[in-house]
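The numbers here are math on the coordinates, done by the rules we state, and not lab data. No experiment lies behind these values; they were computed from the predicted model shown. Note that we place each Cβ from the backbone using ideal geometry, even for glycine, and neighbour counts take in every protein chain shown.
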Amino acid sequence: MDQTAEAITLPMYDGELGVRPGRAALVGQLGPGELRFTAGGVTTRYFVDGGFAQVRANTVTVLTGSAKKAADIKAEDLTKENEKAAALPSTNGVERASRQRAQQRATAMTKVAAKVAGA
């Protein structure tokens, strides 16, 4: 997407980060969650599945393995994500960590979809 934004809110791994024009440069790690893009007074919400964000010279670049417009997330998508997470094994530390990340992703996707459904 190549648009001029009034504000962007990024889901960083340790909380949200608001970005407005003139923001100092940074590179940060994204967590699974909601990316909000406000332009022309209209806010569009996306679910992003982690990745990285760079802010430089009034340009925000987001690198993520998966992004979906919140309005396009369907109930069956949420069911699939929760079922996938629940089906993962958790017999050792690596598997437990992988399962926990999948559960966090499913929870974050559910929260993003609920915000659009409730609007």
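Between Val19, Val55, Val62, the distinction of being within 11 Å of the chain's Cα centre (by Cα) and under 29 Å from Ala102 (Cβ atoms) belongs to Val62 only.
Scan segment 61-81 for residues that are of a type in the set (S, T, N, Q), within 28 Å of Ile8 (Cα to Cα) and surrounded by 11 or more Cβ atoms within 10 Å (Cβ to Cβ) and report the count. Talk me through it step by step, then tell me what you get.
We begin by selecting, within segment 61-81, every residue of a type in the set (S, T, N, Q); these are 61, 64, 66, 79.
This time we only want the ones that are within 28 Å of Ile8 (Cα to Cα), so: 61, 64, 66.
Checking which are surrounded by 11 or more Cβ atoms within 10 Å (Cβ to Cβ) leaves us with 64, 66.
Residues meeting the conditions: 2.
Has segment 30-53 got at least one residue that is over 17 Å from Val112 (Cα atoms) and hydroxyl-bearing (Ser, Thr, Tyr)? Scanning segment 30-53, I find no residue that is over 17 Å from Val112 (Cα atoms) and hydroxyl-bearing (Ser, Thr, Tyr), so the answer is no.
Listed here are the residues, each with its yes/no results for (1) under 15 Å from Ala108 (Cβ atoms); (2) touching a Gly at 6+ places or on another chain (Cβ under 6 Å); (3) surrounded by fewer than 17 Cβ atoms within 10 Å (Cβ to Cβ).
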position: Thr4; (1), (2), (3): no, no, yes
position: Glu16; (1), (2), (3): yes, no, yes
position: Ala24; (1), (2), (3): no, no, yes
position: Val27; (1), (2), (3): no, no, yes
position: Leu35; (1), (2), (3): yes, no, no
position: Val48; (1), (2), (3): yes, no, no
position: Glu83; (1), (2), (3): no, no, yes
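For segment 85-95, the tally of residues that are exposed (fewer than 13 other Cβ atoms within 10 Å of the Cβ) and assigned to a helix (DSSP H, G or I) stands at 5. Restricting attention to segment 29-51, the residues that are β-branched (Val, Ile, Thr) and within 13 Å of Ala71 (Cβ to Cβ) total 3. In the set Val60, Val55, Val48, only one residue is in a strand (DSSP E or B) and out of contact with any Leu (no Cβ under 7 Å at 6 or more places or on another chain); that residue is Val60.
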